[in-house]
């Protein structure tokens, strides 16, 4: 049984989308897709922002709720996959799925509840 598609839309493998949209794999647009650290990190009052899915809301990183870790831990315990850069996209993958935020100038790291999408 075929679904009827309204004018201006098309049926794709992911469902009905606007006619002028493309349906491609993320790898065609981004060169790096990963998620953050899984190891425990020290928490301090002042340091590098440690972003979890709970800290991403309304299209922004909520720095006021984010914990912080030490600069030494940031430099020595984390790989690049946990250290987003300016203009990278963060995507929540645990809890409330699919919330997005764009990374600005702040130095930060992400844990495993956040995916990192980048065009390195």
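Only the coordinates and a few stated rules stand behind these numbers; no lab work does. Not measured: the values here are computed from a predicted model. Glycine also receives a Cβ, built like all others from the backbone with ideal geometry; neighbour counts cover every protein chain displayed.
Just need log10 I(q)/I(0) for the stretch 53-120 at q = 0.15, 0.16, 0.25 Å⁻¹, Debye formula, equal scatterers on the alpha-carbon atoms, no solvent, rounded to two decimals.
Normalising to I(0) and taking log10 leaves -0.43, -0.50, -1.22.
Beta carbons within 10 angstrom, averaged per residue: use that to sort the peptides 43-50, 19-26, 94-101, highest first.
43-50, 94-101, 19-26
Based on the mean of other Cβ atoms within 10 Å per residue, sort peptides 66-78, 107-119 so the most packed one is first.
With the highest mean Cβ count within 10 Å placed first, the list reads 107-119, 66-78.
Kindly provide the Kirkwood hydrodynamic radius of the chain in Å, to one decimal, from all pairs of distinct alpha carbon atoms.
15.9 Å
With n ≥ 4 as the cut-off for DSSP H runs, can you work out [θ] at 222 nm for the chain, using -39500 (n - 2.57) per run divided by the number of residues, rounded to the nearest 500?
-1500 deg cm²/dmol, from helical runs alone.
At what distance in nm do the modelled label points of residue 60 and residue 30 sit from each other, each positioned 7 Å from its Cα along Cα→Cβ?
Result: 2.2 nm between the two label points.
Based on the mean of other Cβ atoms within 10 Å per residue, sort peptides 51-61, 32-42, 8-18 so the most packed one is first. Mind showing how you got there, number by number?
Values: 51-61: 18.1, 32-42: 15.4, 8-18: 10.4.
For the peptides 51-61, 32-42, 8-18, the packing ranking is 51-61, 32-42, 8-18.
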